[in-house]
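One structure is given here, and the rest of the page talks about it.
Bear in mind these aren't lab numbers, they're just calculated from the coordinates by the rules spelled out. These figures come from a predicted structure and were not determined experimentally. Backbone-built Cβ (ideal geometry, glycine too); neighbour counts: all protein chains shown.
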2 protein chains.
Amino acid sequence: MKTLVICSGGLDSVTLAHKVAAEAELTRLISFDYGQRHKKELDYARRCAERLGVPHNVIDIANVGALLSGSALTDDVDVPDGHYEEETMKVTVVPNRNAIMLAIAFGAAAAENADAVAAAVHGGDHFIYPDCRPAFIDSFEEMQRHALDGYAAVKLYTPFVHLPKSDIAAEGSRLKVPFEETWSCYKGYEHHCGRCGTCVERREAFHVANVEDPTIYQDPDYWLEAVEKAKGA
Amino acid sequence: MKTLVICSGGLDSVTLAHKVAAEAELTRLISFDYGQRHKKELDYARRCAERLGVPHNVIDIANVGALLSGSALTDDVDVPDGHYEEETMKVTVVPNRNAIMLAIAFGAAAAENADAVAAAVHGGDHFIYPDCRPAFIDSFEEMQRHALDGYAAVKLYTPFVHLPKSDIAAEGSRLKVPFEETWSCYKGYEHHCGRCGTCVERREAFHVANVEDPTIYQDPDYWLEAVEKAKGA
């Protein structure tokens, strides 16, 4: 099963790349530069590809990002602190980002006669991001079946779609993923900030999975407060 | 109904832009530069936007095109002469191009709170391009319903999907589209070549619709030979 992995350099997609390399035939990693304010995570994706001995393509879709304005990921808006499940995190949504990245990845997979595209969407994203929900994933694969009919047969592999992030941390631990070689933080500091949505979610995932977290956080204790606040909300 | 039109500068999409401007609220035209060998058609899209008094965005996805290798549209391969329905025309397919362009257009539509994306796929494309078939169009709209759930409701408007190209020429004639301000040819000469698949299809469409064709073709008579050959195949 020749499989291309969409890899942002984060915990989930780096773990997915290691999983595909262990269980199938990993052909390449592709990453997207959509005009995010820091490119630190792309470095971690590149290092993951080097570690696994496969090519890495960074696809520049910053021109597209510029059109999709109104998002904290691409515009000059402050990234909010707090837990993902809070309403304020909606500002981090780039409209249709997953559909765009997946469609490009399917084109690349078809061009290299790969059998599958793997993406690290996971259960924890469902509430906030409609394009991470199982219904989206299923409808996307069906759309691609029609789009490539007669030319290519490419599956969409999303083994984490029903799992909480803590299960990904546990899977990564089993696969001996070097977690310090992954980047989750929305901010571009030297270390993970510990306060933004992805930092809180990352820290919580390691805690729930009972897996040692090698990450250095600027604010290592904020996550617990944020989780408690989200529970109470 | 605020509607964004994907416009290549060709006969079909320029006619669609005029149709939307006449029947709904046209918000903008968007075109894609996917590394096609000549950009002549993009000029005609720009002129269409100026004529209709709306913004025009050219979205550069040439980086993506470079990944989707193996196509005559983007690589250094000769564009074949002849009728679309011939097997040899398959070389002009860029894998997943319509899914990629539509996904980006839906992101742009969601960002500007538009109600619809209009695309000029038409009946004549069905046989050769899977991503122009009604089943693809329906599954794409369904996918987008999930992808944008809770954030935006964007329809996919494809009024030509069941029509032959000759009906588009007839519709353009009714709408008084300046056909000389449209470009179909796959080659980048001063005038339409008259021999490539789109030239043959264009010339045939005007003939069948009994609409005067103002286009200057380098080889104005080849189309009839190509159509006869396709019928006999």
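Take every Cα pair under 8 Å in segment A:9-63 that's 6+ residues apart, average their separations, divide by the length, and report that relative contact order as a whole percent. Present the calculation step by step, with values, prior to reporting the outcome.
Numbers: 65 pairs, mean separation 25.1, N = 55.
With pairs under 8 Å counted, the relative contact order is 46 percent.
For a quick check: with amide H placed at 1.01 Å from N, whose amide H comes under 5 Å from B:TYR34's, ignoring anything fewer than 5 positions away on the same chain?
Those lying under 5 Å, H to H, from B:TYR34 are B:ILE61.
Under the √(5λ) rule applied to the eigenvalues of the Cα gyration tensor, what semi-axes describe the equivalent ellipsoid of segment B:161-233? Give them in Å, descending.
Numbers: eigenvalues 72, 54, 20 Å².
Rounded to whole Å, the semi-axes are 19, 16, 10.
Using a label point 7 Å beyond Cα on the Cα-Cβ vector, give me the inter-copy distances for B:GLU50 in nanometres, one decimal, shortest first.
4.9
Pick out, in residue order, every one of the trypsin sites (Lys or Arg not before Pro) in segment B:126-200 that is DSSP loop and has at most 10 other C-beta atoms within 10 Å; say none if there are none. Let's see the in-between values first.
Values: sites: B:ARG145, B:LYS155, B:LYS165, B:ARG174, B:LYS176, B:LYS187, B:ARG195; in loops: B:LYS176, B:LYS187, B:ARG195.
Passing sites in segment B:126-200 are B:LYS176.
Taking neighbour Cβ counts within 10 Å as the exposure measure, how do A:HIS162, B:HIS191 sort from fewest upward?
Listing A:HIS162, B:HIS191 from fewest to most nearby Cβ atoms yields A:HIS162, B:HIS191.
Mind giving me the nanometre distance, one decimal, between the label points for B:GLU225 and A:ASP219, set 7 Å out from Cα along Cα→Cβ?
7.5 nm
Ordered shortest first, which distances in nm separate the 7 Å Cα→C-beta label point of B:GLU190 from those of the other copies?
Nearest to farthest, the other copies are at 6.4 nm.
Can you give me the long-range amide H partners of A:HIS192? Hydrogens built in the peptide plane at 1.01 Å from N, cutoff under 5 Å, separation of 5 or more residues or another chain.
Those qualifying (amide H under 5 Å, at least 5 residues apart or on another chain) are A:ILE216, A:GLN218.
Can you list, shortest first in nanometers, how far A:SER173 lies from the same residue in the other copies, with each label 7 Å from Cα toward Cβ?
Values, ascending and in nm: 7.3.
Would you mind pulling out the separation of the Cα centroids of segment B:1-25 and segment A:135-197, in Å?
37 Å
Would you tell me the mean number of C-beta atoms belonging to other protein chains that fall within 10 Å of each C-beta in A:108-115, as a whole number?
Values: counts 6, 3, 6, 8, 5, 1, 0, 0.
Neighbouring Cβ atoms belonging to other protein chains average 4 per residue here.
Looking at this model, which pairs from A:LYS39/A:LYS176; B:LYS19/B:LYS165; A:LYS155/A:LYS187 are more than 23 angstrom apart at the alpha-carbon?
Details: A:LYS39/A:LYS176 25 Å; B:LYS19/B:LYS165 15 Å; A:LYS155/A:LYS187 33 Å.
Too far apart for the 23 Å limit: A:LYS39/A:LYS176; A:LYS155/A:LYS187.
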